[in-house]
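Data block below; observations after.
The values are calculated or read from the model by the stated rules, or taken from the named source; none is laboratory data. None of the values given here were measured: they were computed from a predicted structure. Positions of Cβ are generated from backbone atoms using ideal geometry, with glycine treated the same way; all protein chains shown enter the neighbour counts.
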Amino acid sequence: MSDDIKKGLLGIVVDETEISKVMPEINSLTYRGYAAQDLCARCKFEEVAYLILNKELPNKKQLKQFEKEETKERVLSKTLINVLKQMPKKSHPMDVARTVVSVMGLEDKETKDNSSEANLRKAMRIFAKTPVALAAFYRLRKGKKIIPSKKKLTFAENFFHMCFGKVPNKEIVKAFDVSLILYAEHSFNVSTFTARTITSSLSDIHGAITGAIASLKGPLHGGANEEVMHMMKKIKKPENALKWINKALDNKDVIMGFGHRVYKSGDSRVPTMREYFGKVSKIKKDKVFEKIYEIVEKVMIKRKNIHPNVDYPTGPTYHLMGFDTDFFTPIFVISRITGWSAHIMEQHAANKLIRPLASYKGSKHRKVMQLNHR
Ligand code: ACO
């Protein structure tokens with residue numbers, strides 16, 4: 001392949017952004033200049049969502065207004081509830097997420113309006129309603145009744161409430177909140193680039209987020225947090241871990257939850273999520289996955305010099321919290337809606353159709369023969 005071809009757009013800078021950056025000088029992912037781990041320490045997810053969407057951290061009054069708007073939108077139309085009830089129970093929740101955002105686009109009065117004001121309002125509706133729809137599906141597929149959202153609960157608390165009918169202790173909620181903060185935004189990753197590409201034809205936010213969800217589902221991207229859990233379940237016991245990982249590496253398997261296009265010596269989000277994984281393991285009095293985690297990580301670094309990405313600690317953390325494995329990537333969705341929406345607005349504000357070129361390797365020019373001559 002010619003050196004001119006940058007397969008996978010490797011190393012190509014395609015546009016400018018003000019939303020996030022991995023800053024090597026502080027070895028951290030930053031959202032609008034703030035280190036993600038500092039945001040985890042000092043903010044709740046709603047403040048970070050506000051920051052990503054509105055460019056600045058909110059003051060008390062702005063946060064209150066934001067929360068008021070978000071909690072007001074935590075409802076679904078009758079149509080959407082009926083759609084959810086008719087979905088096959090075996091549907092992957094990522095496909096459900098993609099479908100519900102698409103249905104919201106049919107219902108939204110402002111679907112066609114791509115102004116930044118309308119996009120911010122639509123982003124808020126998608127942000128508030130998607131977790132409600134996903135939690136409803138979580139219940140429906142188990143034959144359980146939908147639990148209505150509660151306005152007085154935080155975004156994170158409300159998700160637990162709608163899925164399980166109760167809110168766990170503060171440390172568990174904080175660990176979940178931290179995972180949402182860490183998942184909220186990461187520049188031109190594949191799902192965000194998908195959203196920006198869809199937007200670049202002047203399409204709408206519901207379409208762009210629907211496409212982004214489809215992109216996030218893949219195991220090389222967001223779907224990795226589910227794959228990590230499948231791997232850990234397969235390993236089952238710490239005693240099996242060493243043999244399992246060595247065999248997988250001998251087979252040249254790709255180990256999910258490891259490696260990253262941008263970070264080559266470790267994902268800066270991992271230490272924070274790792275810490276909360278430890279806290280949740282302690283609370284749940286279950287250290288099995290932590291032990292497996294450490295053995296697999298050690299071998300990956302020693303044999304391949306490949307470090308974990310954020311999906312590695314997040315997968316088992318969600319498992320310990322009680323979520324079904326196929327709900328891990330949908331949780332990523334409810335957070336990343338903030339980042340995608342900000343990028344969609346940024347793309348609209350300074351748009352250029354995204355249309356790369358390809359090097360043609362197909363047949364030379366040929367004559368079309370009539371059907372009876374072929
Ligand atoms: N396990 C084993 N080998 C790996 C892994 C891994 N997880 N990641 C990279 N490698 C190897 C590749 O096989 C390749 O080796 P080679 O040069 O001998 O062929 C080399 O490291 C470079 O890897 P690439 O896949 O070319 O790197 P790229 O930047 O294209 O891929 C990716 C990054 C897709 C994330 C890759 O590391 C991977 O497949 N990881 C597993 C899936 C995963 O965890 N994805 C989540 C990413 S984070 C997120 O989306 C939130």
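Summary table
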read-out: Count - residues of the stretch 272-309 that are within 25 Å of Ile172 (Cα to Cα) and within 23 Å of the chain's Cα centre (by Cα); value: 16
read-out: Contacts under 6 angstrom Cβ, first residue in the stretch 256-275 being over 15 Å from Ala184 (Cα atoms) and touching a residue at least 40 places away in the same chain (Cβ under 8 Å), partner polar (S, T, N, Q) and surrounded by 18 or more Cβ atoms within 10 Å (Cβ to Cβ), 6 or more apart; value: His260/Asn309
read-out: Scan of the stretch 350-374 for residues that are surrounded by 10 or more Cβ atoms within 10 Å (Cβ to Cβ) and aliphatic (A, V, I, L, M), ordered by number; value: Ile354
read-out: Where Pro219 falls short, out of the listed (1) in a loop (DSSP other than H, G, I, E, B); (2) in contact with a Pro (Cβ under 9 Å, 6 or more places away or on another chain); value: (2)
read-out: Ile354 being within 27 Å of Ala208 (Cα to Cα) and more than 13 Å from the ligand (Cβ to nearest atom); value: yes
read-out: Conditions (1) under 24 Å from the mean Cα position of the chain (by Cα); (2) over 28 Å from Ser201 (Cα atoms): number failed by Lys152; value: (1)
read-out: Residue match in the stretch 183-203 (condition: aliphatic (A, V, I, L, M) and more than 30 Å from Glu16 (Cα to Cα)); value: no
read-out: Positions within the stretch 32-50 being buried (at least 24 other Cβ atoms within 10 Å of the Cβ) and either modelled with pLDDT under 95 or closer than 18 Å to Met345 by Cβ (or both), in sequence order; value: Val48, Ala49
read-out: Matching residues in the stretch 191-214 - criterion: being surrounded by fewer than 18 Cβ atoms within 10 Å (Cβ to Cβ) and outside any loop (DSSP other than H, G, I, E, B); value: Ala214
read-out: For Tyr312: the one exception among (1) within 22 Å of Lys174 (Cβ to Cβ); (2) more than 16 Å from the ligand (Cβ to nearest atom); (3) in contact with a Lys or Arg (Cβ under 9 Å, 6 or more places away or on another chain); (4) of a type outside the set (Val, Ile, Thr); value: (2)
read-out: Residue within the stretch 206-218 that is more than 16 Å from the ligand (Cβ to nearest atom), touching a His at 6+ places or on another chain (Cβ under 9 Å) and without any contact (Cβ under 8 Å) to a residue 24 or more places away in the chain present; value: no
read-out: Identity of the residue in the stretch 219-232, near the ligand (Cβ under 9 Å from one of its atoms) and aliphatic (A, V, I, L, M), that ends up nearest to Thr192 (Cα to Cα); value: Leu220
read-out: Some residue of the stretch 307-326 being surrounded by fewer than 21 Cβ atoms within 10 Å (Cβ to Cβ), part of a loop (DSSP other than H, G, I, E, B) and aliphatic (A, V, I, L, M); value: no
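Residues are listed down the side, and each one gets a yes or a no for (1) assigned to a helix (DSSP H, G or I); (2) farther than 25 Å from Met345 by Cβ; (3) in contact with a helix residue (DSSP H, G or I) (Cβ under 7 Å, 6 or more places away or on another chain); (4) not assigned by TED's automatic domain parsing to the domain that holds His92:
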| site | (1), (2), (3), (4) |
| --- | --- |
| Met124 | yes, no, yes, no |
| Ala128 | yes, no, yes, no |
| Pro131 | yes, no, yes, no |
| Lys144 | no, yes, no, no |
| Pro148 | no, yes, no, no |
| Glu157 | yes, yes, yes, no |
| Met162 | yes, yes, yes, no |
| Ile181 | yes, no, yes, no |
